Structures are given as structure tokens and as C-alpha cells.
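The structure follows.
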Amino acid sequence: MKKTNKLLLGLTALLLISTTITSCRGDSKSDKPQELGSKPDISAWEMENGFGMVKTKLNLPPINPELAKKGEKLFESKCASCHKLDEKYAGPAQRDVLRRISPEFFINMVINPDENIEKHPHIKELLGIYMLKMTNQNVNFNDARQILEYFRLLESELPSKTN
Ligand code: HEC
């Protein structure tokens, strides 16, 4: 008789424990709302001009050849390891870059590549092609402005778009 009692007690305890575990599990699994893949919205301004310190249209004066010459030197020292003018290299060919992007976007990309790589559809697309992230070259606004002048000069020498 004693043996049966012990067995019964044991069984009851086991049952109790297992129900407690099951109910606890049930409680902790509260229904959390599913996180939706949130896509950061991009404004029309950002689409045209990228992300960075330039937040208004630059009022660009006529091309200054001296500034462009300084820009050419900067391009050769800071950019030519990855960019050629006329062929794809580690990054896209740059002679006609201002036919692809606005001057404001150019400066924002050169000063602030990381954020543009992360957020801008045009740059993300390039990343998919080149499989390399453009590195920050620690270029300040003045440097970027000079490099821009170089590309404005090159763009002005290109055959016109309609041809
Ligand atoms: C380490 C290699 C590397 C260096 C150095 C580099 N770039 Fe890039 N650049 C890239 C790659 C790769 C891309 C394509 C986007 C990406 O994958 O990050 C790119 C994209 C760009 C774009 C985007 C617009 C377009 O359509 O081509 C501009 C503008 C640009 N680079 C200018 C420059 C300038 C100016 C410098 C020098 C200050 C420079 N880059 C230095 C690799 C580089």
C-alpha cells in the first residue's frame, strides 16, 4: 500500500510540474507585432542631390580653369586609385559623372560617401555593380568644390548630349 501511495504522489508531482512549464511557456510567448522591413523614405531633394552638407542648390559661377587645375591634382592624388576618366575601374568612369548626378550630389557623395552608399538608390545600385564601398577620403568642402570644377570643365568639353 505504501509503495502505491508514493507512486501516486510522484505521478501527481510530475503532472503538476509539466503543466506549470507548459503554461509558463504559453505566457511568455505573447504575440508581438511583426516588425515590417522599414524602408527609409527619400525625398525628391535627396534623390536629386544626395545626402550631406549641401542642402540648397549651389549658385555656380562660370567655370574657373584655375580652380579646375587644383581639382585635377586632387583627383589624381585622392581618387585616381579607384576612378579612371574613361573606363570602369574599382569605381565608375568619371569624365561624364555630371551627366549622371547633380553638382550638389557630387559634393555630397565625395564628402559623405557612407551615408549615400547606405541610403541613395543610385549609389546602392553602383555598389551592387562594383561590390566595393567608396572610402571616405577626408575631403573638405573646398577640396570637393575644386574637384567639382575639374569635372565641370571636363563636362563642358564633352560633345553635346543631343549628338
Ligand atoms: C576605394 C576606391 C575609391 C576611391 C579612393 C574613390 N572612389 Fe568614388 N566610388 C568608388 C566606388 C566603388 C563607387 C561606386 C559606389 C560604391 O560602390 O561605393 C564610387 C562612386 C563615386 C561617385 C558616385 C557617382 C557616379 O555615378 O559615379 C562619385 C561622384 C565618386 N565616386 C567620386 C569620387 C571622388 C571625387 C573621389 C576622390 C576624392 C573618389 N570617388 C574616391 C570607389 C572609390
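The values are calculated or read from the model by the stated rules, or taken from the named source; none is laboratory data. Here the structure is a predicted model, which is why all the values come from computation and not from measurement. Positions of Cβ are generated from backbone atoms using ideal geometry, with glycine treated the same way; all protein chains shown enter the neighbour counts.
Do we find that Glu149 is among the acidic types (Asp, Glu), farther than 25 Å from Ser43 by Cα, crowded, with 19+ Cβ neighbours inside 10 Å and at pLDDT 95 or above in this structure?
Answer is yes for this residue.
If you scan the range 121-154, which residues turn out to be touching an Asp or Glu at 6+ places or on another chain (Cβ under 7 Å) and either within 8 Å of the ligand (Cβ to nearest atom) or part of a loop (DSSP other than H, G, I, E, B) (or both)?
Matches in the range 121-154: Asn136 only.
Report every pair of residues separated by at least 6 positions or lying on different chains whose Cβ atoms are under 8 Å apart, first residue within the range 116-128 and among the aliphatic types (A, V, I, L, M), second outside any helix (DSSP H, G or I).
Ile117/Lys133; Ile117/Met134; Ile123/Gly50; Leu126/Gly91; Leu126/Pro92; Leu127/Lys133
Of all residues in the range 109-120, which are more than 8 Å from the ligand (Cβ to nearest atom), in a helix (DSSP H, G or I) and surrounded by 18 or more Cβ atoms within 10 Å (Cβ to Cβ)?
Hit for the range 109-120 is Ile111, nothing else.
Please go through the range 74-83 and pick out each residue that is part of a helix (DSSP H, G or I) and surrounded by 13 or more Cβ atoms within 10 Å (Cβ to Cβ).
Leu74, Phe75, Lys78
Among the residues of the range 57-71, which ones are assigned to a loop (DSSP other than H, G, I, E, B) and closer than 15 Å to Phe106 by Cβ?
Lys57, Leu58, Leu60, Ile63
Now for a different question. Within the range 118-152, how many residues are on the phi > 0 side of the Ramachandran plot and not polar (S, T, N, Q)?
1
Could you grab me the full set of residues in the range 97-107 that are within 9 Å of the ligand (Cβ to nearest atom), of a type outside the set (Lys, Arg) and farther than 14 Å from Phe75 by Cβ?
Matches in the range 97-107: Ile101, Phe105.
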